[in-house]
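S.K.: One structure is given below, represented as structure tokens, and several questions about it will come after.
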Ligand SMILES: NC(=O)c1ccc[n+]([C@@H]2O[C@H](COP(=O)([O-])OP(=O)(O)OC[C@H]3O[C@@H](n4cnc5c(N)ncnc54)[C@H](OP(=O)(O)O)[C@@H]3O)[C@@H](O)[C@H]2O)c1
């Protein structure tokens, strides 16, 4: 029987790369996000490469939509062994003094409550697989704050808290919890979403950085952690580009 992996936020960036990589590792991937046209293209690509995947429309901020994802997982051809909570993102770079409450709300809803909802919905299936793995894609922002990042770092700290708490609560049960904390990753949409489509501001994030991480680098980390023997639990993996020694210490050539 094949192993099923559910990846949220699979329509772009790290989620799409993770879906491709897990399919190459032999998982049947349930690729979930709101933009189904992109998911359909991804599934076609994975299938053409010899893998197996199914597109599932899912908004992680909706109970009903996440219940639909859980139903799709039940019907998938195999046992649900892996959940990658990847859907998320940042909005704005404003100081706390003037940050938008709506932006903070969005970041909490998607990153934190999205992870909570999907994890709750899929935990029974992961546990009954006898060898489940939950990956939480948090961030270096999950343990470091930076100016202008209050809303995002608050959300990622909370997501990190979910991962740590869940690992304690599941101790003794057959589900491991892995937290992935990437630093700077150049994906097509992350910075564009943060700056509401302002390509100049988005481009400036990576300006002069020779080699930021790319989505495939993070997918590689996720796949490595998730394919260790089941008794090996990589609690937390922090990964940054060589040019980024810390959140505030980035080597730029221009
Ligand atoms: N890029 C970085 O520098 C970086 C660094 C550290 C951590 N991360 C984290 O890595 C994850 C992926 O980031 P990325 O760079 O790949 O960003 P991205 O390209 O903007 O992808 C975000 C994904 O989340 C999905 N999403 C957003 N809202 C959703 C919702 N309500 N329901 C379901 N899916 C939703 C989007 O799909 P739809 O819009 O189609 O729903 C998209 O597939 C995020 O959690 C991010 O915080 C990124």
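S.K.: Taking 0.36 nm per intervening residue step and subtracting the Cα-Cα distance, what contour gain separates residue 237 from residue 67 on full extension?
M.R.: 58.3 nm
S.K.: Related question: From the alpha carbon gyration tensor of the chain, can you work out the equivalent ellipsoid semi-axes (sqrt of 5 times each eigenvalue) and give them in Å, largest to smallest?
M.R.: 28, 19, 18
S.K.: Report, to the nearest 10°, how far helix 13-24 tilts away from the longest principal axis of the Cα atoms in the chain, using its own Cα long axis and a range of 0 to 90°.
M.R.: The answer is roughly 30 degrees.
S.K.: Hey, how many Å between the Cα centroid of region 41-98 and the Cα centroid of region 138-159?
M.R.: 22
S.K.: Semi-axes of the equivalent ellipsoid for region 178-254, please: Cα gyration tensor eigenvalues, times 5, square-rooted, ordered largest first, whole Å.
M.R.: Each semi-axis is √(5λ); the values are 27, 14, 10 Å.
S.K.: Could you order the peptides 235-246, 171-182, 151-162 from most to least packed, using the average number of other C-beta atoms within 10 Å per residue?
M.R.: Put in order of decreasing packing, that is 151-162, 171-182, 235-246.
S.K.: Once a ≥ b ≥ c are taken as the square roots of the eigenvalues of the Cα gyration tensor of region 1-69, is the result rounded (a/c under 1.5), prolate (a/b larger than b/c) or oblate (a/b not larger than b/c)?
M.R.: Here region 1-69 falls in the prolate category.
S.K.: Checking a compactness column here: for region 29-113, what do you get for Rg(Cα) / (2.2 N^0.38 Å), N being the number of residues?
M.R.: Ratio of Cα Rg to 2.2 N^0.38 Å: 1.33.
S.K.: Considering Cα pairs under 8 angstrom that are at least six residues apart, work out the relative contact order of the chain and quote it in whole percent.
M.R.: Value for the chain: 19 percent.
S.K.: Report the relative contact order of region 147-254, percent, no decimals, based on alpha-carbon pairs under 8 angstrom and at least 6 residues apart.
M.R.: 33
S.K.: Next question. Where in region 60-101 does the label zone of residue 1 land, with the point 7 angstrom along Cα→C-beta and an amide N cut-off under 15 Å?
M.R.: 73-82
S.K.: Determine the calculated [θ] at 222 nm for the chain from helices alone, applying -39500 (n - 2.57) to every DSSP H run no shorter than 4 residues and normalising by the residue count; nearest 500 deg cm²/dmol.
M.R.: Taken over the chain, the calculation gives -12500 deg cm²/dmol.
S.K.: Here's a follow-up. When the chain is fully extended, how far beyond the present Cα-Cα distance does residue 109 get from residue 34, taking 0.36 nm per residue of separation?
M.R.: Full extension from residue 109 to residue 34 adds 25.5 nm.
S.K.: Work out Dmax and Rg for region 194-236 from the C-alpha atoms and quote the Rg first, both in angstrom.
M.R.: Answer for region 194-236, Rg first and Dmax second: 16.0, 46 Å.
S.K.: While we're on this one: Along the Cα-to-Cβ line of residue 145, 7 Å from the Cα, sits a label point; which residues in region 223-251 have backbone N less than 17 Å from it?
M.R.: Within reach of a label on residue 145, which here means backbone N under 17 Å from a point 7 Å along Cα→Cβ, region 223-251 contributes 247-248.
S.K.: Measure nothing but the geometry: give the 0 to 90° angle between the long axis through the Cα atoms of 63-75 and the longest principal axis through the Cα atoms of the chain, rounded to 10°.
M.R.: Approximately 40 degrees, to the nearest 10.
S.K.: Could you state the angle between the C-alpha long axis of helix 215-226 and the longest principal axis of the C-alpha atoms of the chain, as a value from 0 to 90 degrees rounded to the nearest 10?
M.R.: For 215-226 against the chain, the angle is about 40 degrees.
S.K.: Continuing with this model, one more query. In nm, what is the difference between 0.36 nm times the number of residues separating residue 196 and residue 252 and their Cα-Cα distance?
M.R.: Contour length minus Cα-Cα distance gives 17.7 nm.
S.K.: To two decimal places, what compactness ratio does region 117-197 give when its Cα radius of gyration is scaled by 2.2 N^0.38 Å?
M.R.: Working it through for region 117-197, the quotient is 1.28.
Each value in this text was obtained by applying a stated rule to the coordinates, not by laboratory testing. On a predicted model such as this, the values are computed, not experimentally measured, just so you know. Reconstructed Cβ throughout: ideal geometry from the backbone, glycine too, with neighbour counts over all protein chains shown.
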